[in-house]
Amino acid sequence: MESLDPLILARIQFAANISFHILFPTITIALGWVLLYFKLRWRNSGDERWQAAYRTWVKVFALAFALGVVSGITMSFQFGTNWPGFMQRVGNIAGPLLGYEVLTAFFLEAAFLGIMLYGQGRVSDRMHTLATFLVAFGTTLSAFWILVLNSWMQTPAGFVMIDGQAHPTDWWAIVFNPSFPYRLAHMLLASGLTVAFLIAGLSAWRWLRGDRSAEVQTTLRTGLRLGALLIPLQILAGDLHGLNTLEHQPAKIAAMEGIWQTEEGAALRLFAWPDETTRSNRYEIAIPGLASLILTHDLNGVVRGLDEFEHHPPVAPLFFAFRLMVGVGLLMLAVSWIGAWQTRRGREPARWLARLLVPMAFSGWVATLAGWYVTEIGRQPWLVYGTLTTAEAASSVPAPLIGISLTLYLLLYVGLLVAFISVLFHLMHRAMGGHAPADTPLEPMGAVR
């Protein structure tokens, strides 16, 4: 353990924490709005299948919300233990943004979550619907503030450095920094796709086990149609995000594409093995001109290579993570469109498609994590781009101590993740047994057997 670099261990620990944490907000942000949709469809039609869908998926929301809160608290500890330089240098900006998130979003969610979970049959239906809306709005508002901070770290604006500390000069420029609109849209759509495939996948699991209830056929079609609607929007948002990144973080784009020397009419590398020692790609399979066409919307456009930058992120992790994200996205496009077509006008899906949807229930997590690694590793060696390096923000905690806490975190997260997925399938199994009348209050989560 002594031979390991404390900075690398601290980075791995933070990556593990944020990788675990992001899984759950990715579900709750969009699932809150899906629950509101189920609720409104039931209020307008009186059709019990929408109410049954609400009662099944509100339990999933509660589980994901609880784990998101717990894992978010452990992340905040690490700012003080492993990254004291972050708050010392940019705390005048990061602190208020995190405070706004707690004051405006978390309190809103916490205040109305209880009514949403246990208020049905105890408060008026209008109040219960309002609580569902406010919880959904609160999760989205929480994502807004967190992405403001993350985007500001990628494309900082609206501040001056005085005696080594960042001081805000324009909060409007800080909040609406150059990459924020694209990053927010990309994340919200990623959450929508994660939830679409989670609903479709777990509904397909029930369908394969003989559950042909109106509820499961409704949620299966809802998941597929939501995915088919959102994935083209995500591709458009991704394209605009790429243009923005090329303008503000060209080294990240060069690493994502494995472009070592500046190219006019840059090729799109479908596959390669980037080698930083020789600064070249091995086993390259490329399509001439396509990278320039995608990145600059010009077949002969110029894309700057890594040779133009004094500092650039590690190439191989970005290159492979980006291709994993795009590959999963293309698979989502094909499966959701085929599924939406097969299930049109109340038809049932082909059995092969249902079997494919089950493992794809968690495909949104894979794509989101891959995209998150591209974003965060692509900022290296900077913590705040062009202002604060990761090494400058790190603490002097010895490697063995970081290694021990990292090991404990990993064991805890693996256990919690296995438990979460197991409970998900348990809830789906219980839902196959029928539902209580519409105005029956939900039983406490601790009573789930």
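The values are calculated or read from the model by the stated rules, or taken from the named source; none is laboratory data. Just so it is clear, the model here is predicted, and its values are computed rather than measured. Here the Cβ positions follow ideal geometry from the backbone for every residue, glycine too, while neighbour counts run over all protein chains shown. Side chains included, ligands, DNA and RNA excluded: accessible areas come from the protein's heavy atoms. Shrake-Rupley method; radii C 1.70, N 1.55, O 1.52, S 1.80 Å.
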Expected output for segment 107-133 (first residue more than 15 Å from LEU35 (Cβ to Cβ), partner open to solvent by 60 Å² or more (accessible area, probe 1.4 Å) and of a type in the set (Phe, Trp, Tyr), Cβ below 9 Å, 6+ apart or cross-chain) is LEU108/PHE137
Any idea which residue in segment 98-131 is most open to solvent (accessible area, probe 1.4 Å), counting only those that are of a type in the set (Asp, Glu) and at pLDDT below 85?
-> GLU101
The residue from THR218, THR222 that alone is among the β-branched types (Val, Ile, Thr), farther than 17 Å from PHE362 by Cβ, open to solvent by less than 10 Å² (accessible area, probe 1.4 Å) and touching a residue at least 40 places away in the same chain (Cβ under 8 Å) is THR218
Give the residues of segment 308-325 that are in a helix (DSSP H, G or I) and in contact (Cβ under 8 Å) with a residue 60 or more places away in the chain, sorted by residue number.
-> VAL315, PRO317, LEU318, PHE319, PHE322
Which residue pairs have Cβ atoms closer than 7 Å, lie 6 or more positions apart in sequence or on different chains, and pair a first residue in segment 18-33 that is buried (at least 24 other Cβ atoms within 10 Å of the Cβ) and small (Gly, Ala, Ser) with a second residue that is at pLDDT below 95 and outside any helix (DSSP H, G or I)?
-> none
Going through segment 268-293 in order, the residues found to be crowded, with 18+ Cβ neighbours inside 10 Å and assigned to a helix (DSSP H, G or I) are ALA291, SER292
Selection from segment 294-307 of residues that are surrounded by 13 or more Cβ atoms within 10 Å (Cβ to Cβ) and assigned to a helix (DSSP H, G or I) | ILE294, LEU295, THR296, LEU306
In the set ALA200, ALA228, ALA173, ALA196, which member is modelled with pLDDT of 95 or more and either over 24 Å from the mean Cα position of the chain (by Cα) or outside any helix (DSSP H, G or I) (or both)?
-> ALA173
Taking segment 39-60 as the search range and keeping residues that are free of Cβ contacts under 8 Å to residues at least 24 places away in the same chain and part of a helix (DSSP H, G or I), which one is surrounded by the most Cβ atoms within 10 Å (Cβ to Cβ)?
-> TYR54
Complete set of residues in segment 327-360 that are within 30 Å of VAL315 (Cα to Cα) and in contact (Cβ under 8 Å) with a residue 40 or more places away in the chain | VAL328, GLY329, MET332, LEU333, PRO359, MET360
Identity of the residue in segment 148-170, part of a helix (DSSP H, G or I) and open to solvent by less than 10 Å² (accessible area, probe 1.4 Å), that ends up nearest to ILE29 (Cα to Cα) = VAL148
Selection status of THR245, in a helix (DSSP H, G or I), farther than 30 Å from TRP42 by Cβ and of a type in the set (S, T, N, Q) | yes
Taking segment 354-388, which residues are farther than 23 Å from LEU189 by Cα and assigned to a helix (DSSP H, G or I)?
-> ALA354, ARG355
Would you mind telling me which numbered condition in (1) open to solvent by 10 Å² or more (accessible area, probe 1.4 Å); (2) on the phi < 0 side of the Ramachandran plot PHE319 fails?
-> (1)
Evaluate segment 131-144: report whether one residue or more is closer than 30 Å to ARG55 by Cβ, assigned to a loop (DSSP other than H, G, I, E, B) and polar (S, T, N, Q).
-> no
In this structure, is ILE8 over 18 Å from the mean Cα position of the chain (by Cα) and free of Cβ contacts under 8 Å to residues at least 24 places away in the same chain?
-> yes
Applying the selection to segment 322-373, what residues are within 19 Å of PRO25 (Cα to Cα) and either more than 15 Å from the chain's Cα centre (by Cα) or open to solvent by 20 Å² or more (accessible area, probe 1.4 Å) (or both)?
-> MET325, MET360, PHE362, TRP365, VAL366, LEU369, TRP372, TYR373
Counting only residues that are within 15 Å of TYR413 (Cβ to Cβ) and buried (at least 18 other Cβ atoms within 10 Å of the Cβ), how many does segment 61-90 have?
-> 6
Is at least one residue of segment 25-33 part of a helix (DSSP H, G or I), more than 19 Å from VAL423 (Cβ to Cβ) and more than 18 Å from the chain's Cα centre (by Cα)?
-> no
Which one of the conditions (1) at pLDDT 85 or above; (2) within 28 Å of LEU417 (Cα to Cα); (3) aromatic (Phe, Trp, Tyr) does PHE86 fail to meet, given that it meets all the rest?
-> (2)
Taking only segment 80-106 into account, find how many residues are without any contact (Cβ under 8 Å) to a residue 24 or more places away in the chain and within 30 Å of TYR54 (Cβ to Cβ).
-> 2
Take the residues of segment 171-207 that are open to solvent by 30 Å² or more (accessible area, probe 1.4 Å) and touching a residue at least 60 places away in the same chain (Cβ under 8 Å): which is farthest from GLY364 (Cα to Cα)?
-> PRO178
